[in-house]
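The values are calculated or read from the model by the stated rules, or taken from the named source; none is laboratory data. Note that the coordinates shown come from a computational prediction; the quantities given were computed from them, not determined experimentally. As a convention, Cβ positions derive from the backbone with ideal geometry for all residues, glycine included, and neighbour counts pool all protein chains shown.
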Amino acid sequence: MKPTIILLHKIIAIILFLALWELLPRTGLLNPLFIPPLSGVVTSLRDLHASGELVMHTRISLVRAYIGLLAAVSVGLPLGLLLGGWFPRIQTATEPLMELFAQANPVILAHIIIFFLGIGESAKTFIIAWLCVWPITFSTITGIRSVDSSLLKAARSLGLGRWQLFIRVVLPSAAPSIFTGLRLAAGYAFIMLVASEMMGGSNGIGWLIVQSQESYNVTRIFAGATVITFLAVATDSLIKLVEKRVVVWDAHVSEDYLKLKPMAGENL
Amino acid sequence: MDNRWASLRHFLLRWSGVALFLVLWEIGPRLEWIDPYFVPPFSTIVVEIGRLLTENYLGIHILVSVWRALTGLLIALAVGIPLGIALGRVYPRIAEAISPILRVLSQVNPFSLLPVFVLFFGIGETAKLVVVGWVSLWPILFYTITATRDVDPVQEKSAASMGISSWDMILKVILPAALPTIFVGIRIGATITFYILIAAEMLGASAGLGYLVHNAAMNYQIPRIYAGATFIVIFGYLLNRLLLYLEKLLFAWREDTSSTITATSKGVAPSWRPGRGSVYAAGVALFIVIIFGGIEVQKVNQEAASVDPGSHSRHFGTPVDAGSGN
């Protein structure tokens with residue numbers, strides 16, 4: 001099939017989906033109290049936008065997720081490079097510990113973190129970063145480990161220094177795996193974002209959802225969920241785009257988010 | 001002998017990190033490097049876990065959580081595998097066309113849906129099962145679609161040339177060939193499920209491991225928070241290991257079964273192959289857990305309802321809420 005026809009099919013499917021979302025609740029086949037029609041959600045979004053709440057909460061949530069993600073990258077990437085590349089013995093020694101840490105559910109940790117950090121911004125950032133750091137670390141280690149040794153030997157025999165070897169050979173070889181970890185982490189960041197905002201605070205999309213639940217405003221819950229989903233998908237697409245630009249030599253980039261290979265010991 | 005010594009040394013090296021962490025956890029609070037009120041030493045936690053176990057308090061919560069996870073997973077399997085086969089084999093064009101929608105739906109945040117489920121199903125079992133099922137459905141569905149689509153065409157064609165019926169084709173060729181990949185999806189689904197379930201139980205439940213920790217936090221029983229958290233971490237770790245082990249055991253005939261690359265994953269020798277008997281045994285065990293777990297969950301919920309109706313209705317609160325509200 002031609003790619004244009006496939007694209008056409010996809011567009012038709014999306015239009016059909018949106019039409020069903022509108023029609024099924026309207027005709028009463030789905031309880032409109034449970035699943036409000038698309039137009040209701042759009043109206044709700046427009047109202048939120050008109051009052052300025054939408055932009056404010058979205059910005060706050062986005063900044064939180066990105067700061068958490070950034071913190072996770074700035075810890076996980078160097079950690080993974082060091083453990084995978086330079087200190088394999090320490091990596092062996094810390095692997096089970098890291099696997100256990102990765103199992104430590106941030107929602108539960110939240111109760112402990114609150115003792116130390118309160119329920120302010122730092123606790124939220126910490127919760128997000130904690131969950132995101134593990135896929136990044138594990139995938140970096142995996143990426144470094146899976147560098148083709150004949151490439152390394154060839155590069156070394158051509159007289160590349162340690163630093164050059166790292167920049168020119170090791171990092172590009174590990175890049176696809178690192179990007180996979182990054183995409184997984186970005187997905188988790190948005191899951192945890194909502195959870196952490198539900199636990200306390202007074203702004204953000206997660207808070208908006210909880211507020212709407214208390215006033216039984218289901219349409220607004222759906223509006224919030226739509227925004228979060230959009231942010232998550234957009235972030236994933238953005239990373240995928242960067243990956244395609246950076247990792248031009250690997251054809252296996254455009255995999256679906258959930259089909260990304262889980263890294264060693266890494267969960268969720 | 002040499003080999004055994006080497007593997008022992010590897011084992012010691014591997015777990016030295018955990019050991020060091022536990023030692024620090026023990027002496028840190030004892031020497032007051034950290035406030036022992038907020039971080040009790042590890043031995044206190046072990047005693048607390050022991051107490052929870054002997055009082056048979058932990059057992060109920062484990063059973064309830066395991067029942068919820070298993071039932072939710074079974075629902076996801078019952079929906080995901082037939083749907084995945086249908087989309088992957090029978091209607092590949094439809095699968096292609098709706099792939100963007102599936103991608104967006106799979107990224108729908110389970111926490112943002114939770115309030116809707118709670119509003120409409122109450123905080124009863126249904127809401128939790130729906131959340132658990134929703135979360136584990138996507139990896140199972142995606143892996144099933146991919147797996148059934150990527151069956152070796154040689155196998156398919158030779159089966160077709162021998163005049164296999166289309167029903168047998170799915171049951172005897174496609175499904176066995178796709179199972180290892182589907183199992184990866186099940187494993188991912190199961191681990192995500194456990195994660196989300198614990199969170200869901202903290203947001204509204206009257207039993208379960210997540211509730212145990214949440215309740216401890218509400219009542220400022222700090223050692224119990226750590227005990228519950230430690231237990232959940234160990235439980236999750238063991239669950240993950242068990243599934244990885246099962247994957248290797250069941251699909252040892254496949255070369256690249258596990259997508260994980262670890263220093264120690266040398267592969268389990270297929271010394272034991274599951275026969276029909278062990279499959280039945282596993283099925284019966286699963287059935288018993290589901291039935292008895294269900295009865296037990298009913299009992300627990302009824303007790304909770306009869307003791308203090310309404311007190312579990314809203315658990316979105318935090319320990320801060322607990323200070324002021326409870």
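Within the set of pairs 6+ apart or on separate chains, which have a first residue in the range A:50-79 that is on the phi > 0 side of the Ramachandran plot and assigned by TED's automatic domain parsing to the domain that holds A:PRO135, a second that is in a helix (DSSP H, G or I) and at pLDDT below 90, and C-beta atoms under 8 Å apart?
Sorted first by the residue in the range A:50-79, then by its partner, the list stays empty.
Pick out the one residue from B:VAL279, B:VAL268, B:VAL307, B:VAL300 that is under 30 Å from A:ILE209 (Cβ atoms) and either buried (at least 17 other Cβ atoms within 10 Å of the Cβ) or at pLDDT below 80 (or both).
B:VAL300
Looking at (1) more than 25 Å from B:LEU175 (Cα to Cα); (2) in the same structural domain as B:ALA147 (by TED's automatic domain parsing); (3) at pLDDT 85 or above, which is the only condition B:ALA76 fails?
It is condition (1) that B:ALA76 fails.
Among (1) within 14 Å of chain A (Cβ to nearest Cβ); (2) at pLDDT 80 or above; (3) surrounded by 15 or more Cβ atoms within 10 Å (Cβ to Cβ), which single condition is B:TYR245 missing?
Every condition holds for B:TYR245 apart from (3).
Condition check ((1) modelled with pLDDT of 85 or more; (2) assigned to a loop (DSSP other than H, G, I, E, B); (3) among the small types (Gly, Ala, Ser); (4) surrounded by fewer than 12 Cβ atoms within 10 Å (Cβ to Cβ)) across all residues:
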| residue | (1), (2), (3), (4) |
| --- | --- |
| A:SER139 | yes, no, yes, no |
| A:ILE144 | yes, no, no, no |
| A:SER150 | yes, no, yes, yes |
| A:LYS153 | yes, no, no, yes |
| A:GLY159 | no, yes, yes, yes |
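Which residues, taken from the range B:120-136, are buried (at least 18 other Cβ atoms within 10 Å of the Cβ) and not in a loop (DSSP other than H, G, I, E, B)?
Within the range B:120-136, B:GLU125, B:ALA127, B:LYS128, B:LEU129, B:VAL130, B:VAL131, B:VAL132, B:GLY133, B:TRP134, B:VAL135, B:SER136 meet the criteria.
A:SER44 is checked against (1) surrounded by fewer than 17 Cβ atoms within 10 Å (Cβ to Cβ); (2) in a helix (DSSP H, G or I) and fails just one. What number does that condition carry?
Of everything listed in (1) surrounded by fewer than 17 Cβ atoms within 10 Å (Cβ to Cβ); (2) in a helix (DSSP H, G or I), A:SER44 misses just condition (1).
Could you tell me which of the residues B:VAL47, B:VAL39, B:VAL18 is in contact with a Phe, Trp or Tyr (Cβ under 8 Å, 6 or more places away or on another chain) and either without any contact (Cβ under 8 Å) to a residue 12 or more places away in the chain or under 27 Å from B:ALA217 (Cα atoms) (or both)?
B:VAL39
Let me confirm something: among A:LEU208, A:LEU193, A:LEU160, which residue is over 19 Å from A:LEU70 (Cβ atoms) and facing another protein chain (nearest Cβ under 10 Å)?
A:LEU208
Residue by residue, here is whether (1) surrounded by fewer than 19 Cβ atoms within 10 Å (Cβ to Cβ); (2) in a loop (DSSP other than H, G, I, E, B); (3) touching a Ser or Thr at 6+ places or on another chain (Cβ under 9 Å) holds:
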position	(1), (2), (3)
B:PRO36	yes, yes, yes
B:GLY50	yes, no, no
B:LEU53	yes, no, no
B:ILE60	yes, no, no
B:TRP67	no, no, no
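Has the range A:82-96 got at least one residue that is surrounded by fewer than 19 Cβ atoms within 10 Å (Cβ to Cβ), assigned to a helix (DSSP H, G or I), among the basic types (Lys, Arg) and away from chain B (no Cβ under 13 Å)?
No, there is no match, as no residue in the range A:82-96 is surrounded by fewer than 19 Cβ atoms within 10 Å (Cβ to Cβ), assigned to a helix (DSSP H, G or I), among the basic types (Lys, Arg) and away from chain B (no Cβ under 13 Å).
What number of residues within the range A:97-137 are without any contact (Cβ under 8 Å) to a residue 24 or more places away in the chain, surrounded by 22 or more Cβ atoms within 10 Å (Cβ to Cβ) and more than 19 Å from the chain's Cα centre (by Cα)?
Number of matching residues: 2.
What about A:LEU171, is it free of Cβ contacts under 8 Å to residues at least 12 places away in the same chain, surrounded by fewer than 24 Cβ atoms within 10 Å (Cβ to Cβ), out of contact with any Pro (no Cβ under 8 Å at 6 or more places or on another chain) and closer than 30 Å to B:ILE188 by Cα?
In short, yes.
Filtering the range B:109-152 down to residues that are within 7 Å of chain A (Cβ to nearest Cβ) and without any contact (Cβ under 8 Å) to a residue 12 or more places away in the chain, which residue is nearest to A:GLY206 (Cα to Cα)?
The extreme case among them is B:SER112.
Filter the range A:213-224 down to residues that are of a type outside the set (Phe, Trp, Tyr) and crowded, with 24+ Cβ neighbours inside 10 Å and give me whichever is nearest to A:THR58 (Cα to Cα).
The residue in question is A:GLY224.
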